[in-house]
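These notes concern the structure reproduced below.
The values are calculated or read from the model by the stated rules, or taken from the named source; none is laboratory data. Nothing here was measured: the structure is a model prediction, and the numbers come from that model. When we count neighbours, we look across all protein chains shown, and the Cβ atoms used for this are built from the backbone with ideal geometry, even at glycine.
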Amino acid sequence: MSAPSTPLDVPFGPSGTVVLRKMVLDEDAPLLHDWFSRDYARFWGLQGKTVEEIREKFAGIEASGTCDVVFGILAATGERLFMFQSYDVNADVLSQHYPVRTGDRGFHLMLGPVEKPLPAAAYYTFQAIAAWIFRDPAVQRMVGEPDIRNRKVLLRLVQAGFEFGRVIHLPYKTAVMTYLSRATIDKTRGLPPPPAPDQSPMDGWRLKYHSLVSRIGRRIGLIERHW
């Protein structure tokens, strides 16, 4: 189950058009190294890696045959704005932590440090990712598992229309399940972004509780720890 691999032009609000195309490893690895070396990318766990180590990691991802690595490029300037991975959840450890439905497709997103902020960039980025992934008619739901501490991303997911599910304790992070259905994206495609939310479902006691469970569980060995 995979979307077509041909490039795709997607509207990106007032900024014009974004071109989505699959990773070109030799061209994109140095940029990925720069992005992952920055503090805001710490949730990926790739800080301190060399360019060659990043290249080898993504070469392995590409070779797996279960994951597409795709860049979003602003058509007007050629600037690479974001990278996302679209992957088969059945081939991932995530499948052991939630009830996978037929038609689920997982994704990971990395936003680049753009030279100039773009209006509602995160909202239009999720719209673009959905346009790529839902090109595959078999996909009915996008599935994400952001770190529960990454409040900025959680707020953007709320704005983009994602539903929030259970908290899961993965070996490398404590995450909350998020879902975006084909029916939801069909209703919002082409519409301007709604107002940015003030809260996510993880704000308050829920974050404190699951952070505590994670720390204690990993310390005493109930939760596998790869951090």
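Within the set of pairs 6 or more residues apart or between chains, which connect a residue that is closer than 18 Å to Y87 by Cβ inside the range 40-65 to a residue that is of a type in the set (K, R) with Cβ atoms less than 8 Å apart?
Note: pairs meeting the criteria are F43/R149; F43/K173; L46/K57; K57/K49.
Just checking, how many residues over the range 6-28 are without any contact (Cβ under 8 Å) to a residue 60 or more places away in the chain and more than 18 Å from the chain's Cα centre (by Cα)? Step through it out loud before you land on a result.
Within the range 6-28, the first condition is being without any contact (Cβ under 8 Å) to a residue 60 or more places away in the chain, and the residues that meet it are 6-7, 17, 19, 21-22, 24-28.
From what's left, more than 18 Å from the chain's Cα centre (by Cα): 6-7, 17, 24-27.
Matching residues across the range 6-28 total 7.
Take the range 80-107 and flag every residue that is in contact (Cβ under 8 Å) with a residue 60 or more places away in the chain and in a strand (DSSP E or B).
Result: L81, M83, S86, R105.
Have a look at R225, R151, R189, R156 and point out the one that is at pLDDT below 95, basic (K, R), in contact with a helix residue (DSSP H, G or I) (Cβ under 6 Å, 6 or more places away or on another chain) and within 23 Å of G106 (Cα to Cα). Give the derivation first.
On the way: R151 fails: in contact with a helix residue (DSSP H, G or I) (Cβ under 6 Å, 6 or more places away or on another chain); R189 fails: in contact with a helix residue (DSSP H, G or I) (Cβ under 6 Å, 6 or more places away or on another chain); R156 fails: at pLDDT below 95.
Matching residue, one of R225, R151, R189, R156: R225.
Look at Q140 and say whether it is farther than 29 Å from K208 by Cβ and either buried (at least 18 other Cβ atoms within 10 Å of the Cβ) or at pLDDT 95 or above (or both).
Working: farther than 29 Å from K208 by Cβ: yes; either buried (at least 18 other Cβ atoms within 10 Å of the Cβ) or at pLDDT 95 or above (or both): yes.
Yes: the conditions hold for Q140.
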